[in-house]
Structure formats: structure tokens, C-alpha cells
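Each value in this text was obtained by applying a stated rule to the coordinates, not by laboratory testing. Just so it is clear, the structure is predicted and the values come from calculations on it, not from any experiment. Don't worry about glycine lacking a Cβ; one is built from the backbone with ideal geometry, like all the others, and counts go over all protein chains shown.
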Amino acid sequence: MREMNEHIETLIASYLSGEALPHEAMELEEWKQQHPDNQKHWEKSEQAYFFVRGEQNISVDAAAMYRNVLVQLDVQKEAKVLPIDFKRYFTPLRIAAVLVILITGGLLLSRLSNQGSSTDIALNGGENGLSKTLDDGTQVELDKNSSLTLLAGYNGKQRRIKLTGKATFKVEHDAGKPFIVEAGGVLIQDIGTAFEVKAQPDEDTVEVWVTEGIVEMFTENDTLRLTQNQRGYYVPALNKIYDERLLQQAIEDNSRIFHFSNTTLGEVIQQLNAVYPTPISLSNAALERCRITVDFTNEPQEVVVEIIAETLGLQVESTHGKYTLKGEACNP
Amino acid sequence: MQVSETDIVQQIKAGDIRSFEQLFHAYCEELVRYATTILKDADEAQDVVQHLFVTLWTKRDTLQVNSSLKSYLYRSVYNSSLNRIKQVTTQQKHEDYLGYVAHSYGSAASAVLESKEVQSAIDTAIAALPDQCRLIFTMSRFEGKKYQQIADELQLSVKTIENQMGKALKHMREQLQTYLPSCIIFLLLGQ
């Protein structure tokens, strides 16, 4: 035992003096993790070592470092470019349906343990939802049928949560313990203050709405800083983050792109009517079953209607502010 | 669920950025701490670790981990740190530990030292060390000398220097125990 103690004291001193070889440094880290007392012993030794020179312990902001790594990686260069039906992700209906990540005021209730939990902790909203105050004082309101996971080490060096569904958090910024929520593939980190979160990552879009404070949304490729009353949007399928203006622009730029492939005319008309101002109707319900394969890219409505009519051998009637496609039922 | 190191390597090789991120967060802090002890410079240490992970990702296709992943990371940090020290042509930066300390650490820390009571406690603790132990501790901690240098100068073995440094640090920790928490609170308030 005594020999072991001496060995550890020597190891700690060597390590702090910058003399430890890789396997010795690893041995020390393993020893620290074996027991909380070991960790305390280490911390006091480290403090004493720096204290005699009026220095501070080494502190590491791993989250900031990881962002630097991502910047250096410029993952975008390697990202595979997939043809994506942009419109699919940005119909007005879907935008309206996305849920919101809200950021409002809150108070840090306590700074507790330094260790954090050693395993993941799962919380489930069940049928009625769940309200809970976590060890670090963070208040969580988890919506029904939603779940979240406090990743191992939560409230240690950082507070990391994975969210599926919808939840509300009240947290306060603590630079020493970054609070990060992962929802639908985007990471959301508080930068300057308390915040409250609701997220619905299984939708096509994750929306972040800051009502107070500063929050950063980031992925490997994008970072967006949001302040009070700003909204940010993440589209998992595109792995892109948009601010409100860019999203509107994207919707406008891309809302009139259609790829129809053996699609029924009924479905085609429905999609076109959702975007173009002049309603299109069919003179004969049997026409709904006609199938068409065609692409439109930001075409004027009259062109779209004419192309459909020509392809299917129909006539177009334009009266009283609407288009009517006339003809017999298509051959099966 | 524990994922094995082999799985993590395979996942990273397959381009799984989430596994890469997990690996980063699992080891970042201890690697920076280790690099800082060698380089005596927290910024340089962070650079070394960031660079290691950037390289690991960009060259993941050819990643060869023969022993454990952890050993690989530690050895990489160690080698890169030593290379950086070699690159500093004058070595002044590394050897002039005093200059680094003044630069790297905040005024709050210095303010603690300005407290006469604290300084006197440190002086007393150092003075209470046995002669040889005190000399070795001072040469290492205040003159920034490497164990080998001290061993050469005092004509002792490196093993002896290691042991004496261990004893000295244990002594300092015990003697200064009552001051350490106040130091931490002070530093927090001062930030």
C-alpha cells in the first residue's frame, strides 16, 4: 500500500512536471477514474503544484475546441452532394407544423458535482409528460410521448442532452459546463444566458426560437448565432441551418420546383394548387387517375398547365380566375 | 452501451462523424492536460490536440491503430508535443517557464500570491522540505529544469529526482491544504 502511494505521488509529480511518458499519463488517468477519492487526491495535488507559483489549474473548453476542429475539417468539402427534393422539406404546411425551440429566462439553481453521471440517463414523457429538476438545477418539462437522454458525464465537464420529441428546459449558461441539446441532428448550445427548449426533431425541420439570451445552432458545416426574438431552422435532410430570411428566400426560390414521376393527375393538381395562385380543376373526376411524368422548374403557371394538357391530350379552359382541364379519362 | 475501440475505429473509417465526435469528447480534456504539462503552454497544447483529431479524421482511410486507440492518441500527443518543442529554435519559450507563467495566468492568480499570508505559507512549506528535496523541487518548479538536467547537475539518478519530486509535492499539498479552497474561491470571484 505504502509503495503504491509512493508510486502514485511520484507519478503525479512527474506528470505535472511534464516528465510523464504516454503510458504513465494513461496510468494516472486510469487511477483517477478508479475512485472519487483518487480524483480528489489528484485535484489537491494539482492545485498545490500550481498554487506555489500562483498559477491556475489547466482548464479545457472541449466544446469550443471541437468547433475549431470542425472548422479546420471543413467537412463540407467531403460531403456527398445528393439530389434533394428541396420543396419536400419546405412546404408551408411543414413549416407551420415544425415545433419550436424556445429560449426564455431561467435561473441557475445550483452548481453541483464535478463528476457528472457515469452512464446515460433516459427520461420518458410517457402518456402525460414529465416535470423534473435535474441534479444541476436544470428544470425539464418533457412533453408526452417524448424522450431525452442525459449523456454520460452530464453535469461533469459539460451538460449534453439528446432530445426526441418536445421538451422545455430552464438552464443558465455556465462556461465551465456547456449546455448542449442535440435535436434531429443539429446541436444547440447556450452562449450567454438561460434558455428554454422545445424541440420536435422527427419533423423535417427543427426550429429554434430565442426569446431571451444567446444561443448557437451548429452542425459540422454551419453555425448560426441567434439572439433575442430570432429564429433559426435546421433541415436534417439537407444538413443545413437557415436564418429566417434565408429560409424565406429558399422557400421562394424553390417552391416551384416539381418532380413528378408517374404521379396521378389528382396529386399533381393538389401540389400545384398549394403553390400557384390560380386554382386548377378537372372537368371529369376520372381524369384524377391519369398518370404523368414531368419536371417543372419555376415555370409560370400557364406554361405548367399547357404542358400537362399537351402531355395528356387534354384541353385547357381559363375562365373566372381558374384553369379547368377537360377531356376523357386516360387509357389505363 | 459500451462501444468497443475497434468499433469506433471502424465507424470513423466509415466516415461516421458522430463516432468521431464521441471520441473527441472522451479524450480531449485529458490529452490537452497531458500536452500542457509537456509544452507548458495551454494554447499550444490545444493546437496539438486539435491537429491530432483533424489529421485523424482527414486520414481516416489509412488509419492504422495497432495497439489501443487510447495509446495511439497519447503517443501522438507526446510525439507532437516534443516535435513542437524542437521546432522552437531558441527553446527560450520552453525553458523560460517564468515568462510563460506571467503571460499565461491571470492577474487573479498573482493577486492570490500578493496576499502576504499565503506567500508566507508557501515559503514556510518550501523551507520545511529536507535540503535535497527542496533544492530539487525549486530547480524543477521555479527554474523550469527537466528531471535529466537536475540529475546531471546534482549528479543523481533521474529515479531519485522522480522520488524526491513526488515527496515534495505530497508535502506541499499537505502543508497548503487549508489555503487551496480559498484560492479556488478567490480565483472564481476574480474571473
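For the pair residue A:239 and residue A:273 in one chain, pulling the backbone fully straight at 0.36 nm per residue adds 9.4 nm over the alpha carbon distance.
Dividing the radius of gyration of the alpha carbons in the range A:256-329 by their Kirkwood radius gives 0.91 for Rg/Rh.
Computed from the C-beta positions of residue A:135 and residue B:6, the FRET efficiency with R₀ = 25 Å rounds to 0.15. With a threshold of 32 Å on the Cα-Cα distance, the over-threshold entries among A:40/B:70; A:162/B:13; A:157/B:116 are A:157/B:116. Between the amide H of residue A:230 and those of A:210, distances stay under 5 Å, these residues lying 5 or more places away or on another chain, with hydrogens modeled in the peptide plane. Amide H to amide H distances under 5 Å link residue A:282 with A:325, where only residues 5 or more positions off or on other chains count and H is placed in the peptide plane.
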